[in-house]
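Structure record follows, encoded as structure tokens.
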Amino acid sequence: MQRAVSVVAHLGFRLQAFSPDLYRPLSFAQDVLRRTPLYDFHLVHGGKMVEFAGWSLPVQYRDSHTDSHLHTRQHCSLFDVSHMLQTKICGSDRVKLMESLVVGDIAELRPNQGTLSLFTNEAGGILDDLIVTNTSQGHLYVVSNAGCWEKDLALMQDKVRELQNQGRDVGLEVLDNALLALQGPTAAQVLQAGVADDLRKLPFMTSAVMEVFGVSGCRVTRCGYTGEDGVEISVPAAGAVHLATALLENPEVKLAGLAARDSLRLEAGLCLYGTDIDEHTTPVEGSLSWTLGKRRRAAMDFPGAKVIVPQLKGKVQRRRVGLMCEGAPMRAHSPILNMEGTMIGTVTSGCPSPSLKKNVAMGYVPCEYSRPGTKLMVEVRRKQQMAVVSKMPFVPTNYYTLK
């Protein structure tokens, strides 16, 4: 997800290496940018603020990008992801509404179970990626990307009005909660000290409402954008600073910003919307066929199904793949060439991997070049260098599942 957001792209071990298309330093009209409830908190803790998707967010803190990245892999880090769009879909026809917009099987979700899904258009293109949770409180909790805020909200609101005009029982509410992501192998241990619920009973992609370090009404979802175990906590805005402060009192926890988030998600093989997937990419091309619900495939009742479903058995012209190379790091827009020197594709995201000490990237190539182990070349700074198609994730994921 953009979760966006990944964002910033691609590390380089120094900020100058990031893609300027994804964020801009705050040297202009800061007051026009939206601020999360933790804005002042970030400044106090040394956050280096940048513009991302219309928001002022920390790209990093006092620690280097690499140190923040590795701390997340070895301990845990706290990310402010309050810029994400959080919505609540209510009414007895809430599943009907959501399934009219996404490719996933929302009806099959158990109480408090969530899934990654995709908004698609009639041409099969991906409008955004999102997480939908079927809460036990009788509503769907939806989190989608800040960069698609207006588009996603309009899409859902238009469908709400359409169904309401048909006499359907459905409604939508935008939540103004903050959203904090605690990510890393010790995240559950840290959080357990502040909750009464047994987090061992909360596996990956499940959710529960609980009091967290004295803040009531928090929704804790076992998910994240780093490939590590962790949670995202939807917290009432008034309690966000208290909760962040309480979490930071544990020496295991350090603050991390957009830079570390981007390199972590890339190591985990996770897409950034608008960079790795977009309206011109189908789920099959984006190697996201697993998001298509089995029942939905058979019924072909989601937007773009007539384009997407035949691609599952047929042949698409290109696929998203992982790449590894030595030498200079691959960046977005770097040309991908076959061994004869013909350009066959383009890198969409790339960075040096702090965990692997190698350069990793993802991009699109024709299907005949998509098999892991295939040798290719990439052009970086007008120089060609060897690359190899690699399985993703580049770093093994550590999601918590019940054995």
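A few comments on the model shown:
- Exclusive hit being touching a strand residue (DSSP E or B) at 6+ places or on another chain (Cβ under 6 Å), open to solvent by 30 Å² or more (accessible area, probe 1.4 Å) and not aromatic (Phe, Trp, Tyr), set THR348, THR342, THR281, THR275: THR275
- Across the stretch 353-397, the qualifying residues are those that are more than 17 Å from GLY341 (Cα to Cα) and of a type in the set (Val, Ile, Thr), and the one among them that is surrounded by the fewest Cβ atoms within 10 Å (Cβ to Cβ) is THR397.
- Taking the stretch 265-304 as the range and being without any contact (Cβ under 8 Å) to a residue 24 or more places away in the chain and either in a strand (DSSP E or B) or over 25 Å from ALA146 (Cβ atoms) (or both) as the test, the residues that pass are SER289, ARG297, ALA298, ALA299, MET300.
- Scanning the stretch 33-66 for residues being in a helix (DSSP H, G or I) and either of a type in the set (Phe, Trp, Tyr) or open to solvent by 20 Å² or more (accessible area, probe 1.4 Å) (or both) gives a total of 6.
- The stretch 92-122: number of residues that are part of a loop (DSSP other than H, G, I, E, B), open to solvent by less than 20 Å² (accessible area, probe 1.4 Å) and in contact with an Asp or Glu (Cβ under 6 Å, 6 or more places away or on another chain): 1
- The number of residues in the stretch 249-264 being in contact (Cβ under 8 Å) with a residue 40 or more places away in the chain and more than 22 Å from PHE52 (Cβ to Cβ) comes to 3.
- Scanning the stretch 203-232 for residues that are in a loop (DSSP other than H, G, I, E, B), of a type in the set (A, V, I, L, M, F, W, C) and open to solvent by 20 Å² or more (accessible area, probe 1.4 Å) turns up PHE204, MET205, PHE213.
- Count of the stretch 140-155 residues which are under 16 Å from LYS96 (Cβ atoms) and crowded, with 21+ Cβ neighbours inside 10 Å: 2
- Qualifying residue in the stretch 157-167 (condition: under 23 Å from ASP276 (Cβ atoms) and open to solvent by 10 Å² or more (accessible area, probe 1.4 Å)): no
- Flag for GLN137 being open to solvent by 40 Å² or more (accessible area, probe 1.4 Å), at pLDDT 95 or above, not in a loop (DSSP other than H, G, I, E, B) and not charged (D, E, K, R): no
The values are calculated or read from the model by the stated rules, or taken from the named source; none is laboratory data. What you see is a predicted model, and the numbers here were worked out from it, not measured in a lab. We place every Cβ from the backbone using ideal geometry, glycine too, and count neighbours over all the protein chains shown. To get the accessible areas, we keep the full protein, side chains included, count just its heavy atoms, and leave off ligands, DNA and RNA. Shrake-Rupley method; radii C 1.70, N 1.55, O 1.52, S 1.80 Å.
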